[in-house]
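Take a look at the structure set out below.
Values quoted throughout were computed directly from the atomic coordinates according to the rules given, and no laboratory measurement underlies them. Just so it is clear, the structure is predicted and the values come from calculations on it, not from any experiment. Please note: Cβ atoms are built from the backbone with ideal geometry, for glycine as well, and neighbour counts cover all protein chains shown.
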Amino acid sequence: MTDPDHDLELALARLRPRAPAPAVSAALARELDAPSARRGVILAWAAGLTAAAAALVCGLFLGAAPVDETPAYQLVRAEQSPANIEVLRPIRLDDGSFARPVRVRWDNTTQWEDPRTRTRFINYRPNEATALLPLETY
Amino acid sequence: MPDAHADQDWRAWFAEHGARLRLIARQWTRSEADADDVVQEAFVRFWKHQRHLPGDPNALVVTSIRRAALDLLRRTDRRGVREQAVAADTETVAWFEPEADPRLQALARSLPLLPPEQREVVVLKVWGGLTFDQVGGQLEISPNTAASRWRYAMEALRKLITARAHD
């Protein structure tokens, strides 16, 4: 005799949940794929600061003018991802009118480079904005 | 589940399990977008810090998802009332891929109609691969209560499917 709960469980297990949005994989790649590169940037920063401190100390002790080792970053690349627009179900507002919520997500990425040390600094900024589009009803 | 303890590529692991992790996250979030955010945050935490821990990786990643979801709920509770109302009212996307089998279609449409406390037990058992002991541990209820909610859920699902068959 078959267990009806077990049959139902097997049927449930055949359902295929929807995969996460592609943006999730892209974000995971940013988080999980390049830890060593990010560490390299931090090390380069630390190395630059150490060199600047050493130059300053040498300058003070030897009476020479300190060498300017402050990183001088220049913008080398700016990117904006395509906007991911979610048009959501209309809602009724407190004043009785209707509006459709719209959520927009996009990323801004800028890359800065110090040409002397070839150190690169990446500024990644995800953005999200939600707005209500008024709907006219007749 | 493949061995997450080994030095496996996260892409392969996520490709195989991302969808069911998202369904689990969806049980404790207000929208599809929130579920994606929770999966992302929980998976990064799991992969970077927890996958080498002893124990069942399945239970570890579910714990990570639940913690991230509860954190997000606490954060969003501080937002405006209108935004909460919008988020609660904007569910437009199905949880499952389309199915040709009418019985599976009915099941896919019926599952979201279960009471949340029954639905989370079903999702954790079927797609989380957890035992009633583990489900109880996740939800802070006894294994007997988890099993009882499972039985109620199965009964409710049977009724919902039968009702849909007669529609």
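Remarks
- Largest first, the extents of the alpha carbon coordinates of region B:99-167 on the three principal axes equal 38, 20, 14 Å.
- Counting Cβ atoms of other protein chains within 10 Å of each Cβ in A:19-30 and taking the mean gives 6.
- Positive contributions from Lys and Arg (+1) and negative ones from Asp and Glu (-1), summed over other residues with Cβ under 11 Å from the Cβ of A:ALA83, come out at -1.
- Derived scalar couplings between HN and Hα for region B:141-158 equal 10, 6, x, 5, 5, 4, 5, 5, 5, 4, 5, 4, 5, 4, 5, 5, 5, 4 Hz in order, rounded to whole Hz, by the Karplus curve 6.51 cos²θ - 1.76 cosθ + 1.60 (θ = phi - 60°), x for Gly and Pro.
- Table column - 3J(HN,Hα) (Hz), region A:92-108, Karplus curve with 6.51, -1.76, 1.60, x for Gly and Pro: 9, 8, 4, 7, x, 7, 10, 8, 10, x, 10, 10, 10, 10, 7, 10, 10
- Packing-based ranking, highest mean first, of A:12-18, B:127-133, B:38-44 given that Cβ atoms within 10 Å are counted: B:38-44, B:127-133, A:12-18
- For region A:72-138, the normalised intensity computed at q = 0.22, 0.28 Å⁻¹ comes to -0.88, -1.09 (log10 of I(q)/I(0), Debye sum over alpha carbons, equal scatterers, no solvent).
- Averaged over peptide A:93-103, the number of partner chain Cβ atoms lying within 10 Å of each residue's Cβ comes to 2.
- Under-5 Å amide H pairs with B:PHE96, H placed in peptide plane, nonlocal only: A:ARG18
- Sites A:ALA78 and A:THR117 - FRET efficiency at Förster radius 25 Å, r taken between beta-carbons, to 0.05: 0.75
- Per residue of B:98-111, other chain Cβ atoms within 10 Å of the residue Cβ number 2 on average.
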